[in-house]
Amino acid sequence: ADVPVICIDGPTASGKGTLADELAQALGFWVLDSGALYRATAWAALQAGLDLNDEAAVAPLAATLPLRFAGGQVYLGEENVTEALRQEAVGLGASTVAALPAVRQALHALQLGFRRVPGLVADGRDMGTAIFPDAPLKVFLTASAAQRAQRRHKQLIFKGVSANIEGLLADLEARDLRDKTRSASPLKPAQDARLLDNSDLTIEASVDQVLAWWADQR
Ligand code: C5P
């Protein structure tokens, strides 16, 4: 557990993934997108026609996920599921299976395995509170809901997907509410987390802030 971890937790579409990737690149660290594990579980359960609330059926799937990250792509067995996992419906499904304690339990050890030298940047909802409680730097990243919906909207339009802001806002607020109010590892800042509101910050400014905190605590 001497391998350092930087935890980036926060609500949907707050920019955790981008921040984590940039930090990992700057520091030469590994990166863990923990949301992808919940998304892959939801995807596999949907493919199998399971009820996403059926804990006894979904948890074994999570425990044996043939998940692989390679070259910026995510594979489930032989299948490239990178695009599939990004769908809003899969994100919403992920927040359903993520509320099941047996699913969180099944994914726990898998996440610990990403902690390798020289270090890890882990993004999610409970990196600092449940998975890496001993991490030397924990960041809780937020942005206003309106700002987050707008960013998600821009991303989708850029990809040529039509979307409306009101619908996106409603979806992300529903997901945040579910993530914050579940009893198993709810979304909340760790006691020793540093809060970063990036509503009015560029990506570079957010990266610089976290790098400054990192330099500070070493
Ligand atoms: O971060 P992302 O949007 O990919 O996560 C999808 C869903 O997975 C979240 O809404 C949340 O319910 C769940 N999740 C979680 N714990 C994590 C990461 C994601 O519960 N560490």
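All of the numbers you see were taken from the coordinates with simple rules; none came from a lab. As the structure is a prediction and not an experimental result, all values here were calculated from the model. Neighbour counts run over all protein chains shown; Cβ positions are idealised from the backbone, glycine included.
Which of SER199, SER185 has the fewest other C-beta atoms within 10 Å, and how do the rest follow up to the most?
Ranking SER199, SER185 by Cβ neighbours within 10 Å, fewest first, gives SER199, SER185.
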**OP:** Per residue of the range 22-28, in order, report the coupling 6.51 cos²θ - 1.76 cosθ + 1.60 (Karplus, θ = phi - 60°) as ³J(HN,Hα) in whole Hz, putting x for Gly and Pro.
**Re:** 5, 5, 4, 5, 5, 9, x
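Quick one: net charge of LEU27's neighbours, Cβ under 12 Å, K/R +1, D/E -1? Could the numbers behind the result be given before it?
Values: positive: ARG218; negative: ASP21, GLU22.
Summing Lys/Arg as +1 and Asp/Glu as -1 gives -1.
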**OP:** For VAL121, list long-range residues whose amide hydrogen, built 1.01 Å from N in the peptide plane, is under 5 Å from its own amide hydrogen.
**Re:** ILE6, TRP30, VAL31, LEU32
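For THR18 and ALA57 in one chain, what is 0.36 nm times their gap in residues minus the Cα-Cα distance, to one decimal in nm? Please list the in-between numbers first.
Numbers: separation 39, 0.36 × 39 = 14.04 nm, distance 3.29 nm.
Taking 0.36 nm per residue and subtracting the Cα distance, the gain is 10.7 nm.
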Subject >> Gap separating the Cα centres of the range 73-150 and the range 20-34, nearest whole Å >> reply: 13 Å
Original post:
What's the local net charge at THR202, with K and R +1, D and E -1, over the other residues with C-beta under 12 Å away?
Top reply: -4
Subject >> Partner lysines for LYS180 [C-alpha distance under 26 Å; skip if fewer than 8 residues away on the same chain] >> reply: LYS16, LYS138, LYS154, LYS188
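Nearest 20 debye, what's the magnitude of the dipole of the range 1-114 about its Cα centre given +1 on Lys and Arg Cβ and -1 on Asp and Glu Cβ? Before the final figure, lay out the partial values.
Numbers: 5 positive and 12 negative charges, 16 e Å.
My answer is approximately 80 debye.
Give, as a single signed number, the net charge of other residues whose beta carbon lies under 12 Å from the beta carbon of PHE158, with Lys and Arg counted +1 and Asp and Glu -1.
Numbers: positive: ARG151, ARG152, LYS154, LYS159; negative: none.
Its environment carries a net charge of +4.
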**OP:** Run a plain Debye calculation on the range 42-145 (Cα atoms as equal point scatterers, no solvent) and give log10 I(q)/I(0) at q = 0.12, 0.14 Å⁻¹, rounded to two decimals, same order as the q list.
**Re:** -0.46, -0.64
Subject >> Alpha-carbon Rg/Rh ratio, for the range 159-218, with Rh computed the Kirkwood way >> reply: 1.09
Subject >> Those residues of the range 162-204 whose amide nitrogen sits under 11 Å from the label point placed on GLN150, 7 Å along Cα→Cβ >> reply: 199-201
**OP:** Please give the per residue volume of the convex hull enclosing the alpha carbon atoms of the chain, rounded to a whole number of Å³.
**Re:** 122 Å³
